[in-house]
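Following: one structure in C-alpha cells, then a few remarks.
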Amino acid sequence: MKCCGPGYASPAEAVKAPSEKLLYTIAIYTGTGIQKPDYLATVDVDPDSPTYSRVIHRLEMPGIGDELHHMGWNACSSCFDDAGMSRKYLILPGVRSNNLHIVDTATDPRAPRLHKVIDGAEIKAKTNLSGPHTVHCLGSEIIISFLGDAKGEAPGGYLHLNKEFEIQGRWENSMGDIKFGYDFWYQPRHNVMVSSEWAAPNTFMPGFDLEEVGHLKYGRELHFWDFEKREPVESFYLGEDGLLPLEVKFHHDPDSTHGFCGAALSTNVIHWWKNGDTWLWEKIIDIENEMHPDWPIPLPGVMSAILISMDDKYLYLNNWLHGDMRQYDIRDPHNPKLTGQVFLGGLLGKAPTVNGVEVAGGPQMFQLSLDGKRLYVTTSLFSTWDNQFYPEIRTKGGVMVMIDCDPVNGGMKIAEDFIIDFGKEPNGPSRCHEARYPGGDCTSDIWL
Amino acid sequence: MTTHTVTITNRNGATFEVNSRRPLLGQLRDQGVDLPYGCEYGGCITCAAKLTKGEIDQRRQVALNNRQIEHGYVILCVARATSDITLEIGVESHDKLYRNPFLDPLQPHELKADIASPKV
C-alpha cells in the first residue's frame with residue numbers, strides 16, 4: 001500500500017524497506033573532562049561507500065553539559081496517512097541541561113542542522129519538569145517523559161509538544177501513585193500505555209549508589225495507563241524480579257497486547273499480555289549474576305536496553321557489565337529461546353578487544369535494521385555511571401560495532417569490517433549512545 | 001559585600017575574587033575559568049570540584065553522598081565560599097568521586113544525607 005505520510009503501512013512493510021545507508025548517534029563530552037559540546041554524529045553505513053564505517057559529519061550542540069542520551073522523531077508510522085507530516089526532525093533532549101534540540105535531518109541527511117532549541121529553563125518554568133528521556137510521537141503531536149520536577153525530584157511527568165515544537169504543557173492528566181518515571185510505549189488499538197521506573201534525577205545523575213536501591217530510591221514497578229484518559233490505571237509491583245525496570249517495548253504488531261521490559265539491575269526480562277480484560281505479567285528471562293574474582297558482591301548483567309525486531313520474532317538484550325549481547329526467539333513470548341550471543345568488552349574480560357579496538361564499557365544501546373539483519377551496538381551508558389564502572393572510557397572513548405544477525409535461523413556474529421572508535425574523534429575521546437536511521441527504526445514507529 | 005579569594009591549584013595556583021552570596025560556578029566562569037557543569041541546581045555532580053582548604057556552604061546540593069563530602073567534594077553550581085578557599089577543579093579532581101559499588105560498597109553512614117545512619 002502506498003500512501004503519503006511518513007513511515008510504513010505496517011511492520012511487514014517496514015521490514016521490506018531499503019537498507020539504511022546512514023545512521024545518527026549522539027556522542028557526549030559531558031563528564032569526560034573535555035570542555036566541548038555533545039554532538040550528533042552521522043555514520044556512513046553504506047557498505048558500497050568509500051567512507052563506510054566512518055563518522056562523516058558532526059553537529060555540535062550550542063552549549064556544553066547537555067548529556068545527550070536518547071532521541072526521537074517528530075513523526076513516525078503513526079502519521080502514515082497524513083500527507084502533511086514527514087519524518088524530518090530528530091529531537092535530542094539533554095538529560096542534564098533540560099534543553100531540547102530539534103534537528104533537521106531531511107534538508108541534508110548527511111549533514112543535519114539545528115532547527116530550534118527549546119530552552120530547558122522555559123520547560124521548567126512552564127511545566128515544572130526536568131530530566132528528559134524518551135521521545136515518542138503520537139499522530140502529529142510529541143510527548144517526552146521527564147524523570148523529575150524542576151528540582152530533580154521524582155516522579156516528573158510528560159511534556160506535550162505540538163508539531164511546531166511549541167510547549168503545550170503537561171501531557172498527562174494525572175501521575176496517580178507513580179513514584180518514578182523512565183521509558184514508555186503505547187499500543188493505541190488497546191488504549192494502553194506502559195511506563196517504567198528508573199529513579200529521580202537527583203538520585204541517578206550523580207552516579208549509582210547500589211545501597212540506594214534498598215532505600216527504595218530506585219524503581220521496581222510497571223504502570224499501565226488509560227491512554228485516552230492520560231492517567232495510570234494499574235501498577236504491577238515487580239519486587240526483586242524487577243529492580244530498575246527500564247526499557248519498555250510492545251510488539252510492533254498493533255493488534256498485539258504482548259510487551260516486554262528489561263529490569264536492569266535484576267537483569268530479567270518481564271513479559272506482559274492481556275488475557276480477556278486482565279493484564280498479566282511474568283518473568284521470562286533471568287540472567288544469573290556472575291562473580292568477579294576480586295570483588296565482594298556478585299555482579300549483575302545490568303540489562304539497560306531491550307529491542308524487538310520489526311517482525312516481532314526476536315528480542316535482543318544487553319548485559320552491560322558482563323559484556324554480552326543476546327538474541328532470543330520470542331515467537332512463543334512465554335518461552336523465549338536463546339539463539340545468539342556475542343561478547344563485547346565488559347568487566348569479566350571475555351572480549352577486551354574487538355576488531356583491533358580496545359573496548360571500554362560493554363554493549364549498551366543498540367539499534368536494529370528494519371530487515372533485522374544488522375544490529376549496531378554502542379558501549380556508553382551514562383557519563384557518571386560510565387565513570388564508576390569503566391573509568392578507562394575517559395581516555396578510550398566509546399565504540400560502535402555492528403553485529404550480523406540471522407533473522408531466519410537465529411544467530412549473531414560481530415561484523416569484522418565495521419567498527420567506529422570514538423576514542424579517535426577530532427576533539428578527543430567521546431562516548432556514543434543511541435542510534436537512529438533516517439527512514440525510521442525498530443524503536444521509534446508505532447502503528448495506530 | 002564580603003569577598004573571598006579562590007585559589008585553583010590545578011590552574012597553576014591562579015586566584016580569583018568571589019563574593020559569598022552567589023554560587024562559585026557562575027562567578028568563576030564569569031572570570032574566564034573553563035568549568036564543566038550540567039543541571040545548575042546541585043543535583044547532577046558534573047561540576048564537582050575538590051575543596052582542599054577553607055569553608056563553603058553547599059546546603060542546596062543533593063548529589064553528593066557523605067563519603068564524597070568527606071573527600072572534600074563540593075558542587076560548584078550551588079556552593080558559596082564562606083572563607084578564602086583552595087580548589088582542584090574539573091575531571092582531574094574526580095579521582096575519589098566515582099567508585100564501583102560492587103567493588104567498594106558504602107557504609108550506612110556514607111550514604112546521602114537523607115538516608116544515612118549516624119556513624120557508630
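Here are the numbers:
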item	result
Residue within the stretch B:50-58 that is among the hydroxyl-bearing types (S, T, Y) and either under 26 Å from A:L321 (Cβ atoms) or within 13 Å of another protein chain (Cβ to nearest Cβ) (or both) present	no
Residue that is nearest to A:T443 (Cα to Cα) [pool: residues in the stretch A:364-391 that are under 17 Å from the mean Cα position of the chain (by Cα) and within 11 Å of another protein chain (Cβ to nearest Cβ)]	A:F382
Restricting the stretch A:93-122 to residues that are within 22 Å of the chain's Cα centre (by Cα) and β-branched (V, I, T), the residue that is farthest from the other protein chains (Cβ to nearest Cβ)	A:T105
The lone exception for A:Y24 - which of (1) in contact (Cβ under 8 Å) with a residue 24 or more places away in the chain; (2) more than 29 Å from A:G207 (Cα to Cα); (3) among the hydroxyl-bearing types (S, T, Y) it fails	(2)
Any hit, the stretch A:116-127, residues being touching a Gly at 6+ places or on another chain (Cβ under 8 Å) and buried (at least 17 other Cβ atoms within 10 Å of the Cβ)	yes
Restricting the stretch B:86-120 to residues that are assigned to a loop (DSSP other than H, G, I, E, B) and within 22 Å of B:G54 (Cα to Cα), the residue that is nearest to the other protein chains (Cβ to nearest Cβ)	B:G90
Top-ranked residue in the stretch A:12-54 [being under 21 Å from the mean Cα position of the chain (by Cα), more than 30 Å from A:D255 (Cα to Cα) and acidic (D, E); ranked as nearest to the other protein chains (Cβ to nearest Cβ)]	A:D38
Hits in the stretch A:184-195 (condition: touching a residue at least 40 places away in the same chain (Cβ under 8 Å) and either over 22 Å from the mean Cα position of the chain (by Cα) or not in a helix (DSSP H, G or I) (or both))	A:F184, A:W185, A:Y186, A:Q187, A:R189, A:H190, A:V192, A:V194, A:S195
Failed criterion for A:G301 (all others in (1) within 14 Å of another protein chain (Cβ to nearest Cβ); (2) small (G, A, S); (3) in contact with a Gly (Cβ under 8 Å, 6 or more places away or on another chain) hold)	(3)
Selection status of B:G72, in contact with a helix residue (DSSP H, G or I) (Cβ under 9 Å, 6 or more places away or on another chain), farther than 22 Å from A:A199 by Cα, of a type in the set (G, A, S) and at the interface with chain A (Cβ under 10 Å from one of its Cβ atoms)	no
Subset of the stretch A:214-235 [surrounded by fewer than 20 Cβ atoms within 10 Å (Cβ to Cβ), more than 21 Å from the chain's Cα centre (by Cα) and within 30 Å of B:P108 (Cα to Cα)]	A:G214, A:H215, A:L216
Every residue from the stretch A:362-394 that is in contact with a strand residue (DSSP E or B) (Cβ under 7 Å, 6 or more places away or on another chain), hydroxyl-bearing (S, T, Y) and assigned to a loop (DSSP other than H, G, I, E, B)	A:T379, A:S380
Residue that is nearest to the other protein chains (Cβ to nearest Cβ), among those in the stretch B:13-42 that are closer than 22 Å to B:D95 by Cβ and assigned to a loop (DSSP other than H, G, I, E, B)	B:G38
Residues satisfying the stated conditions in the stretch A:55-92, i.e. away from chain B (no Cβ under 14 Å), in contact with a Gly (Cβ under 7 Å, 6 or more places away or on another chain), surrounded by 18 or more Cβ atoms within 10 Å (Cβ to Cβ) and among the small types (G, A, S)	A:S77, A:S78
Filter pass, A:P407 being over 20 Å from the mean Cα position of the chain (by Cα) and over 27 Å from A:K337 (Cα atoms)	no
Strands (runs of 3 or more DSSP E) lying entirely in the stretch A:223-303 (those with 2 or more residues that are closer than 25 Å to A:L338 by Cα)	A:245-250, A:259-263, A:268-275, A:278-286
Residues satisfying the stated conditions in the stretch A:8-39, i.e. part of a loop (DSSP other than H, G, I, E, B) and under 30 Å from B:C47 (Cα atoms)	A:Y29, A:T30, A:G31, A:T32, A:G33, A:I34, A:Q35, A:K36, A:P37, A:D38
Options B:D114, B:D34; residue that is of a type in the set (D, E, K, R) and modelled with pLDDT of 95 or more	B:D34
Total residues in the stretch A:397-431, condition buried (at least 18 other Cβ atoms within 10 Å of the Cβ) and under 30 Å from A:A12 (Cα atoms)	9
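The rows are residues; the columns are (1) within 14 Å of chain B (Cβ to nearest Cβ); (2) among the polar types (S, T, N, Q); (3) in a strand (DSSP E or B); (4) without any contact (Cβ under 8 Å) to a residue 12 or more places away in the chain.
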residue	(1), (2), (3), (4)
A:K151	yes, no, no, no
A:P155	no, no, no, no
A:Y158	no, no, yes, no
A:F165	no, no, no, no
A:K179	no, no, no, no
A:Y182	no, no, no, no
A:E197	no, no, no, no
A:P206	yes, no, no, no
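The values are calculated or read from the model by the stated rules, or taken from the named source; none is laboratory data. From a predicted model like this one, the values you see are computed outputs, not experimental measurements. Counting neighbours? That spans all protein chains shown, and the Cβs are built from the backbone with ideal geometry, glycine included.
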